[in-house]
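Below is one structure; the comments refer to it alone.
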Amino acid sequence: MEIIIQPNAAAAARLAARLLAGVIRKNPDAVLGLATGGTTLPLYGELAAMKLDWRKITTFNLDEYVGIPPQHPQSYHSFMRENLFRHINIAAKKTNIPDGLAGDIPAWCERYEKKIRAAGGIDVQLLGIGADGHIGFNEQTSSLASRTRIKTLTPQTRKDNARFFGSEDQVPHHVITMGIGTILDARHCVLLAFGKNKARAIAEAVEGPVTSMNPASVLQLHPKVTVFLDEAAAAKLKLKDYYRWVFDNKPDWQKI
Ligand code: F6R
């Protein structure tokens with residue numbers, strides 16, 4: 001796992017955008033796994049400003065709320081449209097986001113998994129992290145082998161996301177989310193975390209035991225993970241000086 005600590009979120013997002021831009025330029029047919037949430041905003045802002053060619057890129061989003069239509073201002077369909085898709089030249093038919101209104105959810109989830117496989121699998125999966133360590137909406141004690149499915153949000157996650165909805169009672173209780181097994185199938189996972197309320201989850205995920213009590217800790221089992229942090233999110237890491245030293249002494253061919 002590579003840990004990259006930057007002075008602030010803007011600098012970390014800039015570097016993460018450079019990594020993704022490199023992937024898109026090198027492989028114009030790349031399959032990207034996308035996340036939503038406040039953490040991704042500076043990253044999508046950077047990517048949108050880069051004027052990359054997205055025409056052949058395929059995307060699969062991690063998750064969507066159940067029971068709200070794509071046009072709902074707080075749906076992840078709206079989030080992606082507003083914050084990334086309408087600013088780039090991606091083909092709408094190549095963007096995939098779970099359907100929060102699916103009738104037969106298990107059948108829909110199976111089709112999503114098949115579609116990811118048919119696209120050749122995900123080259124780079126973007127991830128944020130919840131204050132409890134969730135990735136996608138795989139909350140604590142989610143099966144580390146789980147696939148795309150319906151999940152119930154914890155009261156804490158609903159509270160955290162109430163800021164987008166105006167009030168907590170408007171936050172849906174259920175989501176469709178890629179599973180942890182689905183995420184681990186990606187060839188490269190890129191996790192971003194900013195702010196002090198993520199510091200504990202990051203320290204546990206990176207330096208703690210692999211446990212479903214911190215779902216992000218499973219990334220320790222993945223062969224290629226890059227973590228972009230600001231100082232506040234890195235605050236509780238025991239080895240942060242080592243991670244800085246590694247980054248500052250990277251051989252040229254490894255530089256982002
Ligand atoms: C969103 C997602 C979630 C968020 C996490 C952090 O697609 O999968 O895991 O990444 O809840 O959210 P923010 O960035 O709003 O703190």
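The values are calculated or read from the model by the stated rules, or taken from the named source; none is laboratory data. Everything quoted here is computed from the prediction, not taken from an experiment. Heads up, the Cβs are rebuilt from the backbone with ideal geometry, glycines too, and the neighbour counts pull from every protein chain shown. Areas reflect the complete protein model, heavy atoms only, side chains present, ligands, DNA and RNA absent. Shrake-Rupley method; radii C 1.70, N 1.55, O 1.52, S 1.80 Å.
As an exercise, take the mean of 1/r over every pair of distinct alpha carbons in region 54-119, invert it, and state the Kirkwood radius in angstroms. Intermediate results must be reported in sequence, preceding the final value.
Numbers: mean 1/r = 0.0799 Å⁻¹.
Kirkwood radius, region 54-119: 12.5 Å.
Quick one: check the C-alpha center-to-center distance for region 172-220 versus region 15-62, whole angstrom.
A separation of 20 Å, based on Cα centres.
Comparing Glu139, Glu113, Glu64, which has the greatest mean-square fluctuation in the GNM of the chain with Cα pairs linked when under 10 Å apart?
For the chain, modelled as a Gaussian network with Cα springs under 10 Å, the answer is Glu113.
Give the aspartates and glutamates whose C-alpha is closer than 13 Å to that of Lys236, dropping any in the same chain fewer than 8 places away, or say none.
Counting by Cα, and skipping residues close in sequence, Lys236 has these aspartates and glutamates nearby: Glu204, Glu207.
According to a simple spin-label model (label point 7 Å from Cα along Cα-to-Cβ), what is the distance in nm between Arg163 and Ala145?
3.7
Using a 10 angstrom cutoff on alpha carbons, build the Gaussian network for the chain and name the most mobile of Ser167, Ser75, Ser143.
Comparing Ser167, Ser75, Ser143 in a Gaussian network model of the chain, the most mobile one is Ser167.
Pairs of alpha-carbon atoms within less than 8 angstrom and 6+ residues apart define the contacts here; what relative contact order does the chain have, in percent?
Relative contact order comes out at 25 percent.
What nm distance separates the two modelled labels at Lys238 and Gln170, each placed 7 Å from Cα along Cα→Cβ?
Those two pseudo-labels are separated by 4.4 nm.
Roughly what % of DSSP beta bridges within region 96-228 run antiparallel, to the nearest 5?
If we restrict to bridges inside region 96-228, about 45 percent are antiparallel.
With charges only on Cβ, +1 for K and R and -1 for D and E, what is the dipole size of region 163-245 about its Cα centre, in debye, rounded to 20? Spell out each step's value before the answer.
Details: 10 positive and 8 negative charges, 55 e Å.
The dipole of region 163-245 has a size of about 260 debye.
Greater than 21 Å separation of Cα atoms is the criterion. Which listed pairs, Lys94/Lys114; Lys56/Lys224; Lys56/Lys93, meet it?
Lys56/Lys224
Averaged per residue, what accessible surface does region 149-256 expose to a 1.4 Å probe, in Å²?
Numbers: 5440 Å² over 108 residues.
It amounts to 50 Å² per residue over region 149-256.
How large is the translational diffusion coefficient of the chain in µm² per second when you combine the Kirkwood radius over alpha carbon pairs with Stokes-Einstein at 37 °C and 0.692 mPa s?
Diffusion coefficient, whole number: 179 µm²/s.
Rounded to a whole number, what % of the accessible area of the chain do carbon and sulfur atoms account for, probe 1.4 Å?
Answer for the chain is 54 percent, counting heavy atoms of protein chains only.
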